[in-house]
1. What nm distance separates the two modelled labels at Ala230 and Ser158, each placed 7 Å from Cα along Cα→Cβ?
2. Label the chain by shape, choosing from rounded, prolate and oblate, from the square roots a ≥ b ≥ c of the eigenvalues of the Cα gyration tensor; if a/c is under 1.5 it is rounded, and otherwise prolate applies when a/b is larger than b/c, oblate when it is not.
3. Using θ = phi - 60° and the Karplus curve 6.51 cos²θ - 1.76 cosθ + 1.60, what whole-Hz ³J(HN,Hα) does each residue of the stretch 223-232 get, with Gly and Pro shown as x?
4. Would you work out the relative contact order for the chain, in percent, from Cα pairs under 8 angstrom that are 6 or more residues apart?
5. With a sphere of radius 14 Å drawn around the Cβ of Glu137, what net charge do the other residues whose Cβ falls strictly inside it have (Lys, Arg +1; Asp, Glu -1)?
6. Expected output is a single nm value to one decimal: the length gained when fully extending between Ser194 and Asn131, i.e. 0.36 nm times separation in residues minus the C-alpha distance. What is it?
7. Run the quick spin-label model on Leu168 and Arg12: label points 7 Å from Cα toward the beta carbon, then report their separation in nm to one decimal.
8. With +1 on each Lys and Arg Cβ and -1 on each Asp and Glu Cβ, and nothing else charged, work out how big the dipole of the stretch 1-144 is about its Cα centre, in Debye to the nearest 20.
Amino acid sequence: MNNLSHNSPIERGKVIAIDGPAGSGKSTTAKIVAERLGYTYLDTGAMYRALTYYALENKINPADEKELAEIAEQLPLEFRRKDSGNLVFLNGQDISSQIRTPEVTKNVSEISAHFLVRQAMVAKQKEFGKNGSIVAEGRDTTTVVFPDADLKIYMDASVKERAKRRLLDLSNMGIESDLSEQERDINRRDKFDSQREHSPLTIAEDAVVIDTTNLTIEKQVDRIVELFQAAG
Ligand code: DC
């Protein structure tokens, strides 16, 4: 028997998977945890956002599951690291800010709910993480994409706090909004993401739940790194 094949668990780096609702702090936290550990950061939400951006630009019906799944399979998507953060490129074009607009945010739930779209994206995500040494975050990374992750985290925060964070993000992008609009949007997305038929947002049985309502990013990062080290 050959235990040293390429995909052997002995050779594979570790996987940290972080799930949670919109605005729970998972992206910023996951990015810094990855930097600290020298791991790759995988923002699975950015993949669904990039597909949504492409669909809107090319006037593809968000209900057309088959066409969207075919596009998802071939989407020339690339992540590049830069001092300012993680950049998302589509066809060689930097679309990092375009995928965060309210229009993309409004449509991404419907597009990401399609079974065939998820199947295509999950295959890409598994491929991305096949050698481990990765911190992945999203809605189903602990349950579907990396069910054998070495550490699973579920991050949450109150709706008000999450709406405040979103408002700040938007204002940093020069987009005006108000707190009640963001609260409404977060409630709508929470409902959609956790009640959809395929891979809804749920807390994995073996996930550690971290409530970030009153935590700084630094504390969130420290907690995850501590858990990771304790897990050996
Ligand atoms: O984390 P985010 O807000 O950038 O994610 C955008 C949307 O993508 C979110 O509303 C639900 C969807 N998503 C998903 O269905 N599964 C994932 N693993 C990540 C995101």
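Values quoted throughout were computed directly from the atomic coordinates according to the rules given, and no laboratory measurement underlies them. Everything numeric here is computed off the predicted structure, so don't read it as measured data. No Cβ is skipped: glycine too gets one built from the backbone with ideal geometry, and neighbour counts run over all protein chains shown.
1. Using points 7 Å along Cα→Cβ, the separation is 2.6 nm.
2. It is oblate, given that a/c is not under 1.5 and a/b is not larger than b/c.
3. Running phi through 6.51 cos²θ - 1.76 cosθ + 1.60 with θ = phi - 60° gives 4, 5, 5, 4, 4, 5, 5, 5, 6, x Hz.
4. Reported as a whole number, the value is 32 percent.
5. Summing Lys/Arg as +1 and Asp/Glu as -1 gives -1.
6. That works out to 19.7 nm of additional length.
7. Each label point lies 7 Å from its Cα, and together they span 3.6 nm.
8. Rounded to the nearest 20 debye, it is 460 debye.
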